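Enquirer: This is the structure, below, for whatever I ask next.
Bear in mind these aren't lab numbers, they're just calculated from the coordinates by the rules spelled out. What you are looking at is a predicted structure, and each value in this text was computed from that prediction instead of being measured. Counting neighbours? That spans all protein chains shown, and the Cβs are built from the backbone with ideal geometry, glycine included.
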Amino acid sequence: MKEFDPEVFEAELQQLRPAKPPQEFLDRLAKTAPMPQTSKPVGPSAWACVIAWWRTVRWWAPLGAAAALAVFLAVRHTPTPAPQPPAQPLVASVEPALHADDVEINQQLIAAFDAVAELPTGEPVRFRCREYVEDVVLRDSARGVEIQRRTPRLEIVPISFETY
């Protein structure tokens, strides 16, 4: 058996010339094929130029409008500094406003309870909650002034569960 050599095969193919088609086939082909029209200059048509121009403009027009709007808003909203009144000199008082000779600080526990919640990881956690009311009383006996302030306070302490 003869070994196949692609280079020899390619050289043989280059030496071959195609056969002429039968005249009957060429006549049938000539009857069915449309006659070539007069040649027109080859190049982009006017519509192709318009379409290419429109493809470019349709991207730049919105970008230009957005830039113009941004410049308009930046110019329109530029803050103008408000006129400031002249600074008035600060006068230090000679006497303190309040001389507290009696001060009471009181902290009262209102409620204590535990709560259980679940972390986003699914792990349970326990909270110890305490509600307090803090009471501060200041008295100036020389002027007869008493100032009292009551403030509620919530204390939450997380306590992890022990698992065995």
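Enquirer: Cβ neighbours within 10 Å, averaged per peptide: list 2-12, 100-110 in order, most packed at the top.
Expert: Going from most to least packed, we get 100-110, 2-12.
Enquirer: For the stretch 148-157, take each phi angle, set θ = phi - 60°, evaluate the Karplus expression 6.51 cos²θ - 1.76 cosθ + 1.60, and give the result in whole Hz per residue in order, putting x for glycine and proline.
Expert: Karplus values, whole Hz, x for Gly and Pro: 10, 9, 10, 10, x, 9, 10, 10, 10, 10.
Enquirer: Using label points projected 7 Å from each Cα along Cα→Cβ, tell me how many nm separate PHE113 and ARG28, to one decimal.
Expert: Spacing of the two 7 Å Cα→Cβ label points: 9.8 nm.
Enquirer: Quick one: what are the phi-derived ³J(HN,Hα) couplings along the stretch 112-129, Karplus 6.51/-1.76/1.60 with θ = phi - 60°, whole Hz, x for glycine and proline?
Expert: Result, rounded to whole Hz: 9, 7, 10, 9, 10, 9, 10, 6, x, 7, x, 7, x, 9, 10, 10, 9, 10.
Enquirer: Compute the Cα gyration tensor for the stretch 102-160, then decide on rounded, prolate or oblate, letting a ≥ b ≥ c be the square roots of its eigenvalues: rounded whenever a/c is under 1.5, prolate when a/b is larger than b/c in the other cases, and oblate in all that remain. It would help to have the intermediate numbers written out before the result.
Expert: Working: a/c = 5.91, a/b = 4.59, b/c = 1.29.
Judged from the Cα gyration tensor, the stretch 102-160 comes out prolate (a/c at least 1.5, a/b above b/c).
Enquirer: Next question, about the same structure. Mind listing the phi-derived Karplus ³J(HN,Hα) values for the stretch 8-20, rounded to whole Hz, using 6.51, -1.76 and 1.60 with θ = phi - 60°, and x for any glycine or proline?
Expert: 5, 4, 5, 5, 5, 5, 5, 7, 6, 10, x, 6, 6
Enquirer: If you don't mind, another one. Let me know the charge dipole size of the stretch 102-160 about its Cα centre in debye, to the nearest 20, where only the beta-carbon of Lys, Arg (+1) and Asp, Glu (-1) is charged.
Expert: On the way: 8 positive and 11 negative charges, 13 e Å.
Approximately 60 debye in magnitude.
Enquirer: If you add up the charges near PRO158, with Lys and Arg at +1 and Asp and Glu at -1, over every other residue whose beta carbon is less than 9 angstrom from its beta carbon, what do you get?
Expert: Counting the neighbours of PRO158, the net charge comes to +2.
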